Amino acid sequence: MPRYLISFNDGAMDHIPAEELPEVGRDAHAVIQEAVNAGVFVYGTGLERQQASIVGTDGVVTDGPYPETKEVIGGFVVLDAASRDEALKWAAKIAVSCRCAQEVREIMPDPETEAMLRAAGR
């Protein structure tokens, strides 16, 4: 079954007043519970705002924030969905619950990595 990344940009929820955030959290968790119950949820979470570290090919680490970066991921969900249409329907539910637009991308399967995981018992 294809996997899909559903994500939103950091700052996409900044328009939500602080007093509404508990309700947003409840609504988002209700959609996640629905996805768990439907057997499509793989993983999802929010990301710390602009706390990235970049590790170069030479091993040099540069810590953010990076103000020149226009868009970074603020949170994401990975789903096993039967089709892109199904993933888009889940993204619509997530968009309503989080009160912000969601981006949907199919995750490219990697048979070699999948074989490594199976061999490791995962």
* So which of K70, K89 ends up being out of contact with any Asp or Glu (no Cβ under 6 Å at 6 or more places or on another chain), charged (D, E, K, R) and within 17 Å of V31 (Cβ to Cβ)? -> K89
* Matching residues in region 9-39 - criterion: being part of a loop (DSSP other than H, G, I, E, B) and over 15 Å from the mean Cα position of the chain (by Cα) -> D14, H15, I16, P17, G39
* Asked: If you check every pair at least six apart or on different chains, which have Cβ atoms under 9 Å apart with a residue in region 20-38 that is of a type in the set (F, W, Y) first and a residue that is part of a helix (DSSP H, G or I) and exposed (fewer than 11 other Cβ atoms within 10 Å of the Cβ) second?
  -> none
* Determine the pairs where a residue that is within 18 Å of N9 (Cα to Cα), located within region 49-61, has a partner that is at pLDDT 80 or above and of a type outside the set (D, E) with Cβ atoms under 9 Å apart, the partner being 6 or more residues away or on another chain. => R49/G11; R49/V72; R49/G74; Q50/V72; A52/V72; S53/V61; S53/T62
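Per-residue answers, yes or no, for (1) over 22 Å from K89 (Cβ atoms); (2) in contact with a strand residue (DSSP E or B) (Cβ under 8 Å, 6 or more places away or on another chain):
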site: M1; (1), (2): no, yes
site: D14; (1), (2): yes, no
site: A18; (1), (2): yes, no
site: V36; (1), (2): no, no
site: G39; (1), (2): no, yes
site: G44; (1), (2): no, yes
site: Q50; (1), (2): yes, no
site: G56; (1), (2): yes, yes
site: V61; (1), (2): yes, yes
* Asked: Quick check, is A82 modelled with pLDDT of 95 or more and more than 24 Å from E20 (Cα to Cα)?
  -> yes
* Structure fact -> Note: among D27, D80, D58, just one is of a type in the set (D, E, K, R), touching a Ser or Thr at 6+ places or on another chain (Cβ under 8 Å) and either surrounded by 14 or more Cβ atoms within 10 Å (Cβ to Cβ) or farther than 23 Å from P2 by Cβ (or both), namely D27
* So which residues in region 66-122 are among the charged types (D, E, K, R) and touching a residue at least 60 places away in the same chain (Cβ under 8 Å)? -> E71, D80, R84, K93, R99, E103, R105, E106
* To do: Go through the residues of region 3-12 one by one and say whether even a single one is hydroxyl-bearing (S, T, Y), touching a strand residue (DSSP E or B) at 6+ places or on another chain (Cβ under 8 Å), surrounded by 13 or more Cβ atoms within 10 Å (Cβ to Cβ) and at pLDDT 90 or above.
  => yes
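The values are calculated or read from the model by the stated rules, or taken from the named source; none is laboratory data. These numbers were taken from a predicted model, which means no experiment stands behind them. Ideal geometry is used to build each Cβ from the backbone, glycine not excepted, and the neighbour counts take in all protein chains shown.
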